[in-house]
Each structure stands twice: as C-alpha cells, then as structure tokens.
1. Specify which residue in the list PHE4, GLY40, SER25 is farthest towards the positive end of the charge dipole of the chain, using unit charges on the beta carbon of Lys, Arg (+1) and Asp, Glu (-1), about the Cα centre.
2. Note the angle between two axes, namely the Cα long axis of helix 42-54 and the longest principal axis of the Cα atoms of the chain, as a number of degrees from 0 to 90, rounded to the nearest 10.
3. So for the pair THR49, SER25, with labels modelled 7 Å out along Cα→Cβ, what separation do we get in nm?
4. Quote to one decimal, in nm, the extra length available between LEU32 and PHE4 on full extension: 0.36 nm per residue of separation minus the C-alpha distance between them.
5. Between the DSSP loop rule and a limit of at most 13 other Cβ atoms within 10 Å, which trypsin sites (Lys or Arg not before Pro) in the chain are left?
6. Rg and Dmax of region 1-50 over Cα atoms: what are they, in angstrom?
7. Only four residue types carry charge here, +1 at the Cβ of Lys and Arg and -1 at the Cβ of Asp and Glu. Report the dipole size of the chain about the Cα centre in Debye, rounded to the nearest 20.
Amino acid sequence: MNTFKSITEKLAAWRRYRDAVRELSQLTDRELSDIGIRRGEIETIVRQTLVTTAG
C-alpha cells in the first residue's frame, strides 16, 4: 500500500509542477518581471517552491 501511495504522491507533485510552469509560462515578460521572475528561471523557481512547501 505504501508503494501505491508513494506513486500517487509523486504523480500529484508532478502535476502541480507542470501546472505551475504552464501558468507562469503564459505570462508576458512584463508580468514576470513585475513578480521578479525571468522566463528562464520559471522551472527552477517552481521546483524550489514546491520542494520547500512540501517539506
């Protein structure tokens, strides 16, 4: 049962990551700049944010 839960949690985390990257990627460069993010940093920032909020 733990294996199933682990797989389910990993899939959920991947979906949150993918959704956040997609949402930020849809913003304009100006909108990203307003929140202090450069386009090339999106994946790294999302990854860091999800790791710190999950732990």
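1. Selected residue: PHE4.
2. Compared with the principal axis, the helix lies near 40 degrees.
3. Using points 7 Å along Cα→Cβ, the separation is 1.5 nm.
4. On the way: separation 28, 0.36 × 28 = 10.08 nm, distance 3.72 nm.
6.4 nm is the gain from fully extending LEU32 to PHE4.
5. Working: sites: LYS5, LYS10, ARG15, ARG16, ARG18, ARG22, ARG30, ARG38, ARG39, ARG47; in loops: ARG38.
Taking the chain and a limit of 13 other Cβ atoms within 10 Å, the loop trypsin sites (Lys or Arg not before Pro) found are ARG38.
6. Calculated on Cα positions, Rg and Dmax stand at 13.8, 46 Å.
7. Values: 10 positive and 8 negative charges, 55 e Å.
The dipole of the chain has a size of about 260 debye.
Values in this text are rule-based calculations from the coordinates and carry no lab data. Note that the structure is a prediction, hence the values are computed from the model and not measured. Positions of Cβ are backbone-derived with ideal geometry, glycine not excepted, and every protein chain shown enters the neighbour counts.
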